[in-house]
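Report on one structure; see the data block that follows.
The values are calculated or read from the model by the stated rules, or taken from the named source; none is laboratory data. Keep in mind that this is a model prediction, so the values were computed, not measured. So basically every Cβ, Gly included, is an ideal-geometry build from the backbone, and we count neighbours across all protein chains shown. Note: accessible area is taken over every heavy atom of the protein model, side chains too, but ligands, DNA and RNA are not part of it. Shrake-Rupley method; radii C 1.70, N 1.55, O 1.52, S 1.80 Å.
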Amino acid sequence: MIILSIDTSCDETSVAITEGRKVIANVIYSQILLHKKWGGVVPSIAKRAHEEKIDFVINETLKKIFWWPVSGSFPPMLASKKAVAARRRTPSSLDTQKIFDRINYLAVTQGPGLAVALEVGIKKAKELAEKYNKKLIAINHMEGHIYSCFGQNRQGNPKKEFRFPYLALLVSGGHTELVIFRNHLQYKIIGETIDDAAGEALDKAAKMLGLGYPGGPVIERLATQVNNKDFYHFPRPMLKSKDLNFSFSGLKTSFYYFLNRTDSVFKKNQPRTESVKKLSSSFQEAVFDTLIKKTERAIKLTKINNLVVGGGVIANHRLRKLLRDLAKRHHGRVLFPPFKYLTGDNAAMIGVAAFYKAKKGQFVKNINKLDRIPRLKLTS
Ligand code: KG4
Ligand code: ZN
């Protein structure tokens, strides 16, 4: 089953072609450079960039599979020199039609995300569904992040099978969620942030330190240079509460006052001193310690020690180590997205989730009525 999927939920325009769990092609146009100078995602800029780039990204995705024979099965493993050269050409409308003849379904992210950004992807998916007469599958972006752990390369690796139930931890710039993933397409949120997401907290701390946007990767780099030590022990919010919810805004505020109190040398555009490294590392530890302790509580409560984790922050090596240690302590396992591009936003994960929806016949009933749901929640 071959699916073309689109994700425009935030600041990445992404299109993918998947066959079951195999990712045949995945193209991401990142808008980071456009938003960088504003220190965060600006909705109007995101919308315009998605509109300007979506056709280009679709074309680039089609080009990646262009050299495959139009008859026969997807995918031949080796391309001849001639085929590789042909691949660089933009597909003509005739080629495009042939490729779409082989695509079974279209999938698109319906939410959660930025309304004006989601709209661009949905509009394009509707256009393609009409033009090529395809059924459409609407996907929750967060279920995409869960299924990202099961993506495979073109050869079908890694082969890991599903072993339900899973406890899913999703950590991105917009979300921090603990979810019971009981079976395919069955989700129950058992914990979520009541204010900022973990990635957002890292981004804001980085901004206060004058480190630019997005903050997560820079903070990771600086923290590594001081061995991820916790020098200042910032507060771990919500750890005393009995539930599984997160809150990061108190931590952010206490970080802000700490910087002011210490009459900081940490103001914008200062060289990256040792202190900035220590602050980055301590802040990161506070965020990750909170994530780990809440996840540990969830393991104890649900008795599920089989973890799947997804979202941009999961790219972080320190967090990965802490998660592996956590799973080990509870004699369980943790599954990460097998390739780096599957951690941040991408359409491939949308295609993988769509495969399971298509198998259950869950298609959009009235395509004209499909609308974005910026605060869409995971439900069964
Ligand atoms: O999943 P994602 O690409 O987009 C959303 O759906 O939000 O996540 C983006 C978030 C940003 O907050 C970014 O700072 C964070 O992921 N991030 C990281 C790392 N790479 C990206 N955080 C910590 N360490 C990283 N290596
Ligand atoms: Zn995301």
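The table for this structure:
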| read-out | value |
| --- | --- |
| Rough spin-label spacing in nm, given labels placed 7 Å along Cα→Cβ, for Lys242 and Asp195 | 2.4 nm |
| Tail fraction, Cα-Cα pairs, region 143-223, threshold 22 Å, whole percent | 43 percent |
| Antiparallel %, DSSP beta bridges [both residues in region 166-337], to 5 | 60 percent |
| Length-normalised contact order for region 166-337 - Cα pairs under 8 Å, 6+ apart - percent | 29 percent |
| Region 201-226 residues near the modelled Ser249 label - backbone nitrogen below 17 Å, point 7 Å along Cα→Cβ | 201-205 |
| Helix-only [θ]222 nm of the chain, DSSP H runs n ≥ 4, -39500 (n - 2.57) each, per residue, nearest 500 | -13500 deg cm²/dmol |
| Distance (nanometres) between label positions extended 7 Å along Cα→Cβ at Glu52 and Glu161 | 4.9 nm |
| Cβ-based charge dipole, region 166-337, positive-most Cα from Phe234, Gly332, Ala201 | Gly332 |
| Cβ-based net charge around Arg102, under 13 Å, with every Lys or Arg adding one and every Asp or Glu removing one | -1 |
| Relative contact order [Cα under 8 Å, 6+ residues apart], the chain, whole percent | 25 percent |
| About the Cα centre, charge dipole magnitude for the chain (Lys/Arg +1, Asp/Glu -1 at Cβ), debye | 880 debye |
| Tensor-based shape of region 104-150 (alpha-carbon gyration tensor, a/c under 1.5 rounded, otherwise prolate or oblate) | oblate |
| Under Karplus coefficients 6.51, -1.76 and 1.60, residue-wise ³J(HN,Hα) of region 18-25 in Hz, glycine/proline x | 10, 10, x, 8, 7, 8, 7, 8 |
| Thr224 paired with Lys340, simple spin-label distance in nm, labels 7 Å along Cα-to-beta-carbon | 0.9 nm |
| Protein accessible area in the chain, 1.4 Å probe - carbon and sulfur % | 52 percent |
| Degrees, to the nearest 10: 317-329 long Cα axis against longest axis of the chain | 80 degrees |
| Karplus-derived 3J(HN,Hα), 6.51/-1.76/1.60, for each residue of region 169-179, Hz, glycine and proline x | 10, 10, 9, 9, x, x, 9, 9, 9, 10, 9 |
| Total charge dipole magnitude, region 166-337, about the Cα centre, Cβ charges on Lys, Arg, Asp, Glu only, Debye to nearest 20 | 460 debye |
| Additional length obtainable on full extension of the chain from Ile373 to His317, 0.36 nm per residue less Cα span | 16.9 nm |
| Trypsin sites (Lys or Arg not before Pro) within region 116-157, DSSP loop, no more than 16 other Cβ atoms inside 10 Å | Arg154 |
| Whole-number Å³ per residue for the convex hull built on Cα positions in region 166-337 | 103 Å³ |
| Kirkwood-based shape ratio for the chain, expressed as Rg/Rh from alpha carbons | 0.99 |
| Extension gain (nm, one decimal) between Asp101 and His184, 0.36 nm per residue minus Cα-Cα | 27.1 nm |
| Furthest towards positive pole of dipole, Phe181, Ile54, Ser14, structure part the chain, Cβ charges | Phe181 |
| Mean accessible surface per residue for the chain, computed with a 1.4 Å probe while every protein chain stays in place, in Å² | 45 Å² |
